[in-house]
Amino acid sequence: MVRTSTMVLNGNLTVQMNQTILQNGKQRKNGHVNGEKRTNFPAAKGVSCRQYSPESFEQAPMYVAVLTYLGFGIVTLFGYFRDFLRAVGLEKCHLAQEREEQKEFVPMYQDFENFYTRNLYMRVRDNWNRPICSLPGPAFDLMERVSDDYNWTFRLTGKTIENVINMGSYNYLGFAENNEDFLKTVADKTLQYGVGVCSSRQEVGNLSSHEELERLVADFLGVESAMTFGMGFATNSMNIPALVSKGCLILSDELNHTSLILGARLSGATIRVFKHNNMHSLEKLLREAVCSGQPRTHRPWRKILIMVEGIYSMEGSVARLPEIVALKKKYKAYLYLDEAHSIGAVGPTGRGVTELFRLNPADVDVMMGTFTKSFGASGGYIAGNKELVNYLRSHSHCAVYATAMCPPVVEQIVRAMKCIMGVDGNTVGIQRIRQLAENTRYFRSRLKEMGFIIYGNDSSPVVPILLYMPGKVVAFSRAMLARKIGVVVVGFPATPITEARARFCLSAAHTRAMLDKVLHHLNEVGDDLCLKFSRRKISPRPSLFNETDFELDS
Amino acid sequence: MSQVRMALQTQLSWLYYQYLLVTAVYVLEPWERALFTSVLLSAAAMVGYTSYVFLPVHLRLVLHFFSGVFDGQAESAVTLMS
C-alpha cells in the first residue's frame with residue numbers, strides 16, 4: 001500500500017493523497033470530480049464543501065416543547081404524591097431501605113436523588129433491558145416478559161417473540177453472525193489458545209495473536225502502530241490519564257461520551273467544554289488558552305488536547321474534522337479522535353472519518369476506536385505514532401492491570417478486519433460497506449419524506465428520530481414491539497429533557513425488504529401517535545436532482 | 001348507522017389515546033389516571049358552570065360601563081360647544 005501526502009500550497013488546506021487501496025485497484029485523487037479538477041474552493045473555509053454533507057437539527061414547533069414540559073410536570077406531581085403515600089405508609093415501598101436499627105444513622109439510600117428513577121423510569125422500564133435469546137443480527141428473538149406490579153418485578157412467561165427486526169444493535173457491517181464458514185478461523189484459534197488469557201498484557205498475557213492484531217489495526221488505519229485493549233470503555237477511561245495530567249488542558253465537545261468524560265476527570269487535567277461541533281466556540285477557547293495560560297499562574301499549558309468523536313451516537317452527527325485539524329495546527333494542540341461508531345461504518349472503504357474527509361491519518365495524534373460496533377467483537381484500540389503507542393504499552397493502566405483480550409475475540413476482529421480490507425481479493429467487506437451506505441441513504445431519505453424530525457449527518461448510520469414527549473416515547477417502543485420491530489428509545493438523563501428520541505442503528509445485514517417493513521410500520525405508528533413534527537417541505541421526486549450540492553457562486 | 005357509530009367510537013378512542021400521550025398520563029397506573037381525569041374534568045366543569053352563571057352578567061356590566069363612558073363624553077362635549 002503506497003501512501004504519499006503532499007500539502008497543496010495555493011492557499012487551501014486541502015490535503016492531496018495518492019492512495020492505492022489493496023485490492024480495489026481504484027485510485028482516488030483529492031480534488032478531482034469525474035476526471036475534472038475543481039478549483040473553486042472557497043478559500044475562507046479551506047475545505048471542500050462537497051465532502052461535508054449538511055447536518056440538520058431541526059427544531060420542533062413550540063407547542064411540542066410546551067407539551068413535553070407539561071407531561072413531565074404531571075408525572076412529577078404524581079411522583080410527589082406517590083412519595084407522600086410511601087412515606088406515610090399507605091403504599092408499600094419497593095425500594096431499598098435501611099434496617100430499623102439504622103434509621104437514625106446518616107441515610108445510606110439518598111431518597112431524593114433517585115426521584116426520577118423511582119417515579120418515572122420504574123413505571124416504564126419494560127421498554128429497556130429486554131432479554132434477547134438469539135444472535136443480535138438483523139433479526140433476533142426476544143423473551144416475553146410480563147409484570148404484575150407495574151414493572152417493579154418481571155417474570156418470564158417462557159414464550160419467545162421470534163424474528164423481531166433489530167434496529168438497535170450496533171451491528172453496522174453485519175459481523176454479528178454465526179455462519180460456520182466465516183467463523184472457522186475463530187473456532188480454530190479457540191481450540192489452539194483456549195478462551196481465557198489469565199493474565200495482563202504486561203505479564204504473561206501477550207499472545208502472538210495480539211501482535212498480529214495490532215499490526216493489522218495499524219495497517220488498516222494507515223498509522224505506524226496500534227495497541228488493543230479488552231474493553232472499549234476502559235480504553236478511553238484508562239488511557240487518557242496516561243496521556244494528560246494536572247497542568248494540561250482538555251477541550252472536550254459538549255456531547256462527548258461518558259468514557260471520555262470519565263477519563264478526562266480521572267486525569268486531573270483542566271477540562272473546558274465547547275459547544276457541539278461549533279468551531280467558533282473551539283477557536284475562542286483555544287485562543288484564550290494560548291493567550292492566558294493556566295488559571296492563576298498564567299504559565300503556558302503543558303499540553304492542550306482536543307477530544308472529539310467521529311460520530312456522536314446520540315445525535316448521529318459527524319465531527320467537522322478538517323476544520324478541527326486546521327485549528328489544531330494553528331494553535332499547536334493535540335487531537336484525540338474517538339471513532340467508536342465511525343470506524344468501519346463511514347468512509348468509502350470503511351476507514352472512518354479520516355477517510356470520509358480525505359485527511360491524512362497522521363494529522364490525528366491519537367486515534368481511538370472500539371471493535372464493539374462494526375467488527376462484532378469487543379474491545380478498543382489506540383493508534384498513532386510509534387512513540388505514543390510504546391509509551392502507552394508501559395504506562396497505561398489497561399496494559400498493566402487489565403486482562404488481555406481473549407483469543408476468540410482477537411480472531412473475530414482479525415477476520416472482520418481482513419474481510420473489510422479485502423485481503424485475498426475478497427469483496428465481501430467492500431460490498432457490506434456499500435450496502436451500509438446504501439441503506440443509510442435510503443432510510444434517511446424515506447424518513448425525511450415521511451415528515452419525521454431526524455438529527456445528524458446524511459452519511460451516518462445512526463439515525464435518531466425525535467419523539468419529544470415522555471408518553472409518546474414509551475408508547476412508540478411498545479407499539480413497535482407489538483409490530484415485531486425492536487427499537488431503542490432514549491430519554492432524559494442521556495438526552496436533554498425536551499429531546500427524547502428513538503435511535504435506529506442501521507446494518508449492512510438489513511435487506512431492503514426489512515427496511516421497507518420497518519418504514520411501513522414507522523409510517524403507521526407515526527400517524528397513530530402524531531410523531532411527524534417536521535415542517536420542511538420535501539420534494540417527493542428527489543430523483544430530479546443529480547447533484548448533491550449546488551454551486552451558488554459559479 | 002352502526003358504521004357511523006363505529007367510526008365515531010374509533011375517532012373518540014384515538015382522541016382519548018392522544019390525550020393520554022400528550023399529558024403523559026399514559027405512563028400512570030389506572031387509578032392515577034382516574035384521579036387525574038376526574039380532577040381535570042371537575043376543574044373544566046367548574047370553569048363551565050362559572051362562565052354559564054357569571055359571563056352574561058359580566059358582559060352586560062362591561063357594555064354598560066363602556067356605553068356610559070361614551071355618552072358621558074358626548075354630553076360634556078355638547079355642553080362645552082353650547
Failed condition for A:Asn178, given (1) free of Cβ contacts under 8 Å to residues at least 40 places away in the same chain; (2) farther than 30 Å from A:Ser394 by Cβ; (3) polar (S, T, N, Q), with all others met?
(1)
In the range A:272-292, how many residues are without any contact (Cβ under 8 Å) to a residue 40 or more places away in the chain and either over 22 Å from A:Glu315 (Cα atoms) or outside any strand (DSSP E or B) (or both)?
9
Among all residue pairs at least 6 apart or on different chains, which show Cβ distances below 9 Å where the first residue, located in the range A:475-488, is within 14 Å of chain B (Cβ to nearest Cβ) and the second is surrounded by fewer than 20 Cβ atoms within 10 Å (Cβ to Cβ) and charged (D, E, K, R)?
A:Ala475/A:Asp528; A:Ser477/A:Asp126; A:Arg478/A:Asp126; A:Ala479/A:Glu524; A:Ala479/A:Asp528
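A quick yes/no check of all residues on (1) within 32 Å of the chain's Cα centre (by Cα); (2) under 30 Å from A:Ser208 (Cβ atoms); (3) more than 14 Å from every other protein chain (Cβ to nearest Cβ):
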residue	(1), (2), (3)
A:His94	no, no, no
A:Glu100	no, no, yes
A:Val106	no, no, yes
A:Arg123	yes, no, no
A:Asn127	yes, no, no
A:Arg145	yes, no, yes
A:Asp148	no, no, no
A:Thr157	no, no, yes
A:Val164	yes, no, yes
For the range A:97-151, what are the residues that are touching a helix residue (DSSP H, G or I) at 6+ places or on another chain (Cβ under 9 Å) and not in a helix (DSSP H, G or I)?
A:Met108, A:Asp111, A:Trp128, A:Arg130, A:Pro138, A:Ala139, A:Leu142, A:Arg145, A:Val146, A:Ser147, A:Tyr150, A:Asn151
The range A:238-270, subset in contact (Cβ under 8 Å) with a residue 40 or more places away in the chain and assigned to a strand (DSSP E or B), residue surrounded by the fewest Cβ atoms within 10 Å (Cβ to Cβ)
A:Ser252
Would you be able to say whether some residue in the range A:477-486 is over 18 Å from the mean Cα position of the chain (by Cα), surrounded by fewer than 21 Cβ atoms within 10 Å (Cβ to Cβ) and at positive phi?
yes
Search result, residues across the range A:512-531 that are surrounded by 14 or more Cβ atoms within 10 Å (Cβ to Cβ), closer than 24 Å to A:Val164 by Cβ and not acidic (Asp, Glu):
A:Met514, A:Leu515, A:Lys517, A:Val518, A:Leu519, A:His521, A:Leu522, A:Asn523, A:Val525, A:Gly526, A:Leu529, A:Leu531
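Go through the residues of the range B:27-37 one by one and say whether even a single one is part of a helix (DSSP H, G or I), away from chain A (no Cβ under 14 Å) and surrounded by 10 or more Cβ atoms within 10 Å (Cβ to Cβ).
No, the range B:27-37 has no match at all.
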What is the one condition in (1) within 14 Å of chain B (Cβ to nearest Cβ); (2) closer than 30 Å to A:Ser199 by Cβ that A:Cys419 does not satisfy?
(1)
Residues of the range A:357-396 being buried (at least 21 other Cβ atoms within 10 Å of the Cβ) and in a loop (DSSP other than H, G, I, E, B), in sequence order, are A:Phe357, A:Arg358, A:Leu359, A:Val364, A:Phe371, A:Lys373, A:Ser374, A:Phe375, A:Gly376, A:Ala377, A:Gly379, A:Ser396
Against the condition within 30 Å of A:Leu266 (Cα to Cα), basic (Lys, Arg) and more than 14 Å from chain B (Cβ to nearest Cβ), how does A:Lys448 come out, does it pass?
no
Select from the range A:219-237 the residues that are surrounded by 21 or more Cβ atoms within 10 Å (Cβ to Cβ) and assigned to a helix (DSSP H, G or I) and list them in ascending order.
A:Phe220, A:Leu221, A:Gly232, A:Thr235, A:Asn236, A:Ser237
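Hey, could you check the range A:53-77 for residues that are over 17 Å from B:Tyr19 (Cα atoms) and in a helix (DSSP H, G or I) and say which is farthest from the other protein chains (Cβ to nearest Cβ)? First the steps, then the outcome.
Narrowing the range A:53-77 to residues over 17 Å from B:Tyr19 (Cα atoms): A:53-62, A:76-77.
After this cut, where a residue has to be in a helix (DSSP H, G or I) as well, the list is A:62, A:76-77.
Working: A:Met62: 14, A:Thr76: 10, A:Leu77: 9 Å.
Ranking the qualifying residues of the range A:53-77, first place goes to A:Met62.
Every number here is computed from the coordinates shown, using simple stated rules; none is lab data. Please read all numbers here as calculations on a predicted model, not as lab measurements. Because the Cβ atoms are built from the backbone with ideal geometry, glycine has one as well, and the counts that use them run over all protein chains shown.
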